[in-house]
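Single-structure report; data block below.
The values are calculated or read from the model by the stated rules, or taken from the named source; none is laboratory data. Small disclaimer: the values here were computed from a predicted structure and weren't measured. Every residue, glycine among them, receives a Cβ derived from its backbone with ideal geometry; neighbour counts consider all protein chains shown. Quick note on the areas: whole protein, heavy atoms, side chains included, nothing else; ligands and nucleic acids left out. Shrake-Rupley method; radii C 1.70, N 1.55, O 1.52, S 1.80 Å.
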Amino acid sequence: MSQQTELPYTAERDQAFAFLRQEAESTDGWEEFGNERGVKMEKKYFSGDNSSALPLVRGRGIVNGLTPRQFLALVIYPGARKFWDERLEEGHTMERYTVTELKFHSIQKSVSRHHVDVILTSAKSGVSDS
């Protein structure tokens, strides 16, 4: 297990959360690309300063059989990622900043292996077990 250190990206994290909160409610530019197990999948490409070859992706649906806290753990913890991300070949925690903030290295399955370092963090949204 990696040792806990101070998160060096707090300003970037806060800016990213503001952007994601805005996009969570937006309908502008979102395109549906599938429905898997009752979850409507949508994607959005950006141009200009926010341009990327990869789209922002979101899913909307109801997940039964899990509390909000259990669902959050399934989504953010690298060890659980293999259960929902079929493209994950391998991955490990590089640095831990807090219980819910860490730097994660992943290798994605594809024609050529993609190595990606990702900072995972969870919003302080008052998740409860109810």
Considering residues that are touching a strand residue (DSSP E or B) at 6+ places or on another chain (Cβ under 6 Å) and modelled with pLDDT of 90 or more, the number found within region 32-65 is 8
Enumerate the pairs (first residue in region 35-46 and at negative phi and aromatic (F, W, Y); second residue anywhere and surrounded by 13 or more Cβ atoms within 10 Å (Cβ to Cβ) and part of a strand (DSSP E or B)) with beta-carbon separation below 9 Å, excluding pairs fewer than 6 apart on the same chain, so at least 6 apart or on different chains. Y45/L56; F46/L56
Assess whether V111 counts as being part of a strand (DSSP E or B), modelled with pLDDT under 75 and not polar (S, T, N, Q). no
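R13: touching a residue at least 60 places away in the same chain (Cβ under 8 Å), part of a helix (DSSP H, G or I) and either open to solvent by less than 70 Å² (accessible area, probe 1.4 Å) or among the hydroxyl-bearing types (S, T, Y) (or both), yes or no?
Numbers: touching a residue at least 60 places away in the same chain (Cβ under 8 Å): yes; part of a helix (DSSP H, G or I): yes; either open to solvent by less than 70 Å² (accessible area, probe 1.4 Å) or among the hydroxyl-bearing types (S, T, Y) (or both): yes.
Considered against the rule, which asks whether it is touching a residue at least 60 places away in the same chain (Cβ under 8 Å), part of a helix (DSSP H, G or I) and either open to solvent by less than 70 Å² (accessible area, probe 1.4 Å) or among the hydroxyl-bearing types (S, T, Y) (or both), R13 comes out as yes.
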Can you tell me how many residues within region 66-81 are assigned to a loop (DSSP other than H, G, I, E, B), modelled with pLDDT of 80 or more and open to solvent by 60 Å² or more (accessible area, probe 1.4 Å)? 1
